[in-house]
1. Of the accessible area of the chain, with the probe set at 1.4 angstrom, what percent is carbon plus sulfur?
2. About the Cα centre of the chain, what is the dipole size in debye to 20, counting +1 per Lys and Arg Cβ and -1 per Asp and Glu Cβ, all else neutral?
3. Placing +1 at every Lys and Arg Cβ and -1 at every Asp and Glu Cβ, with all other atoms neutral, what dipole size does region 64-177 have around its Cα centre, in debye to the nearest 20?
4. Under a Cβ-only charge scheme (Lys and Arg +1, Asp and Glu -1), can you give me the dipole magnitude of region 77-133 about the Cα centre, in debye to the nearest 20?
5. Between Val136 and Lys5, with labels modelled 7 Å along Cα→Cβ, what's the label distance in nm to one decimal, could you check?
6. Which residues does a label at Asp208 reach in region 1-24, if reach means a backbone N under 13 Å from a point 7 Å past the Cα toward the Cβ?
7. Among the lysines, select those whose C-alpha is under 30 Å from the C-alpha of Lys120, and discard any that sit fewer than 8 residues away in the same chain.
8. Quick check on the chain: helices-only [θ] at 222 nm, where DSSP H runs of length 4 and up contribute -39,500 (n - 2.57) each and the sum goes over total residues. Nearest 500, please.
Amino acid sequence: MNQPKPIAFIDTETTGLDPRRHDAWEIAVILRRPGQADLEHLFQLHTSLTDADPKALEIGRYKERFSVPIDEYAIELPTNTRITRTALTEADLMHSLMDLLDGATLVGSNPAFDDRFLTKLFNEAGLPPRWHYRTVDIATMAVGHLYGQAYTLTKQNCDAEYYGRADKLLAGGWKSYELSRLMGIEPPTKADAHTALGDARWARDVYDAITKADAFYTASDEQLAELAGQALSRTHGDQR
């Protein structure tokens with residue numbers, strides 16, 4: 001029996017949009033291995049700014065957020081699951097990324113973009129990328145989820161109007177923040193948007209909203225009773 005592959009929720013902040021001229025300066029990986037808690041990793045690394053796009057640096061708030069000392073190649077920053085800040089050589093960084101991404105499926109918002117910059121980083125270090133060749137885009141998943149709901153409701157009610165509703169929702173294009181809200185997930189706040197870890201966390205939350213059952217349906221009788229008690233307490237509190 002094949003073992004489930006690890007999932008790597010990823011995001012990169014880059015010096016521009018063209019991997020031929022630009023580079024990743026911040027990389028976030030939230031690694032999910034089967035049966036284990038998610039582990040967050042956040043890296044920043046020195047890279048050339050010679051051809052950097054000023055707009056890209058502004059969007060990623062490079063000047064405000066870049067924190068690698070001038071005499072170090074890269075650092076791993078503290079996260080929710082890591083308490084220390086560590087200086088890294090190029091070899092250290094690539095070893096960490098190889099270990100995290102080996103065999104993993106990359107999930108993100110337009111992860112093909114991040115894939116290209118990670119591939120460039122690996123190629124420049126003389127290392128073969130070893131993650132799964134097919135990335136998973138949360139926007140594509142959300143669209144598929146909407147049409148999947150339309151399919152189910154059409155079968156149940158013998159009425160194709162649900163496809164029209166899905167078409168209407170998507171008439172303005174596949175806007176990731178709007179799709180996120182349709183999945184019940186608020187997009188990143190202004191402080192978290194366009195930070196590698198903030199966007200990786202958002203990708204994870206949208207992915208989970210689509211692929212995991214609501215907690216109500218998976219709760220035990222004891223957990224349901226506790227939830228009901230909490231709801232009643234809030235209701236009575238509102239009446240006082």
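The values are calculated or read from the model by the stated rules, or taken from the named source; none is laboratory data. In this text the structure is predicted, and so the values were computed from the model without any measurement. Neighbour counts run over all protein chains shown; Cβ positions are idealised from the backbone, glycine included. In case anyone asks, the SASA skips ligands and DNA or RNA and just uses the protein heavy atoms, side chains included. Shrake-Rupley method; radii C 1.70, N 1.55, O 1.52, S 1.80 Å.
1. In the chain, the share of accessible area belonging to carbon and sulfur is 53 percent.
2. 440
3. Around 520 debye, computed over region 64-177.
4. 140
5. 1.0
6. Within reach of a label on Asp208, which here means backbone N under 13 Å from a point 7 Å along Cα→Cβ, region 1-24 contributes 9.
7. Qualifying lysines at Cα under 30 Å: Lys5, Lys55, Lys63, Lys175, Lys190.
8. Calculated from helices alone, the mean residue ellipticity at 222 nm is -14000 deg cm²/dmol.
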